[in-house]
Amino acid sequence: GTITEIKVARTSGLDFLDQTAIDAFEKAQPFVNPPPGLADARGDIRFTFGFHVSTGGGGFRFFRGPGQ
């Protein structure tokens, strides 16, 4: 399958980081067929995800998850 729409529901506050997450999903296409029951009646799958970024040395840690 392919992505029909990507939205940033809540920005990380770093435009380049938000765009990197979008780019990763776009580059991951095409997707294999999902297991039965995951897609809705139209064949769409909707989900929310968060991400975690850290650098060596403990200088920078960032997490943004669903609802945060």
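Throughout, read-outs are computed from the coordinates displayed, never taken from laboratory work. Note that the structure is predicted; figures quoted are calculated from it, not measured. Positions of Cβ are generated from backbone atoms using ideal geometry, with glycine treated the same way; all protein chains shown enter the neighbour counts.
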Pairing a residue in segment 13-27 that is of a type in the set (Val, Ile, Thr) with any residue that is outside any helix (DSSP H, G or I) and surrounded by fewer than 11 Cβ atoms within 10 Å (Cβ to Cβ), where Cβ atoms lie under 9 Å and the two sit 6 or more apart in sequence or on different chains, gives ILE22/ILE6
Selection from segment 1-27 of residues in a loop (DSSP other than H, G, I, E, B) and more than 11 Å from the chain's Cα centre (by Cα) yields GLY1, THR2, ILE3, THR4, GLU5, ARG10, THR11, SER12, GLY13, LEU14
Count of segment 1-29 residues which are out of contact with any Pro (no Cβ under 7 Å at 6 or more places or on another chain) and surrounded by 10 or more Cβ atoms within 10 Å (Cβ to Cβ): 18
